[in-house]
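The structure appears below as structure tokens.
The values are calculated or read from the model by the stated rules, or taken from the named source; none is laboratory data. Quick caveat: nothing in here was measured; it's all calculated off a predicted structure. Note: ideal-geometry Cβ built from the backbone for every residue, glycine included; neighbour counts use all protein chains shown. Calculation scope for accessible area: heavy atoms of the full protein, side chains included, ligands and nucleic acids excluded. Shrake-Rupley method; radii C 1.70, N 1.55, O 1.52, S 1.80 Å.
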Amino acid sequence: LLGIKVVIGTDQIRDIVNLYVNDPFLQRPTANCWELIGERNAENIIAGYLKQSELLSDGVLAVLEIARKRGENLILEGAHLCPDIYPQLKDDPKICFFHLLLWLEDEDLHNENIALKIELRHGKEPSWSKEKMESMRVIQKFLLETNPAYVYLVDSASPENNAAAIVGILEASL
């Protein structure tokens with residue numbers, strides 16, 4: 001679709017960076033990084049998320065540079081792609097970069113979509129706890145509240161909805 005043949009998740013980048021960088025923030029799920037900071041509250045959930053996201057930035061930029069050198073179109077997906085960490089990409093003349101934020105207001109539907117994601121993509125991953133889901137919603141709220149104007153918002157009602165919205169954004173830019 002649109003010449004995109006490569007999809008890489010930031011969870012995979014985290015696993016690779018973790019092999020080379022010894023940092024406890026890389027050794028746990030994003031939603032649990034608050035544990036290294038203090039009590040579980042919105043401020044610490046966001047601080048843990050940002051710390052882990054910053055630790056991944058060199059890996060993310062390396063993946064993008066390798067794809068650029070190879071002439072590959074790719075989708076890089078994941079919660080770690082905090083726009084505040086990558087503002088330089090929107091103006092980089094060497095790449096055509098689209099920053100999209102998939103979000104979902106309805107908490108029950110969000111839980112259903114996460115369960116579907118686990119089933120389709122991971123298979124062996126246990127279901128997310130209520131606490132983990134709440135932490136991810138805190139992160140989503142933070143991203144929505146700090147969203148720069150150049151980031152496209154996609155209401156993530158279903159995988160089909162996501163694909164249609166993303167294709168529409170990409171086609172409109174061609």
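Using the Karplus relation 6.51 cos²θ - 1.76 cosθ + 1.60 with θ = phi - 60°, the per-residue 3J(HN,Hα) values for region 91-98 come to 10, 6, x, 8, 9, 9, 10, 10 Hz, with x marking Gly and Pro. Each of Met136, Leu74, Ala47 was placed along the dipole of the chain (beta-carbon charges, centred on the mean Cα), and the one lying farthest toward the positive end is Leu74.
Here the Kirkwood formula puts the hydrodynamic radius of the chain at 17.1 Å, using every distinct Cα pair. With each label modelled as a point 7 angstrom along the Cα→C-beta vector, the Ala67-Glu119 pair spans 2.8 nm. Treating r as the C-beta distance of Cys96 and Glu39 and R0 as 35 Å, the FRET efficiency rounds to 0.25. The residue list Phe97, Val17, Ile85 was ranked by how far each Cα lies along the charge dipole of the chain toward its positive end, using unit charges on Cβ atoms, and Val17 comes out on top.
Taken over region 60-154, the convex hull of the Cα atoms encloses 119 Å³ per residue. For a quick check, take a GNM of the chain with Cα springs below 10 Å and name the residue from Arg68, Arg137, Arg14 with the largest mean-square fluctuation. Of Arg68, Arg137, Arg14, the most mobile in the Gaussian network model is Arg68.
Protein heavy-atom surface of region 77-174, 1.4 angstrom probe: 55% of the accessible area is carbon and sulfur, with nucleic acids and ligands not counted. Taken about its Cα centre, the chain carries a charge dipole of about 580 debye when Lys and Arg each add +1 at the Cβ and Asp and Glu each add -1 at the Cβ.
Here the Karplus curve 6.51 cos²θ - 1.76 cosθ + 1.60, taken at θ = phi - 60°, turns the phi angles of region 140-153 into couplings of 4, 4, 4, 5, 5, 6, 10, 5, x, 4, 7, 8, 7, 9 Hz, with x standing for Gly and Pro.
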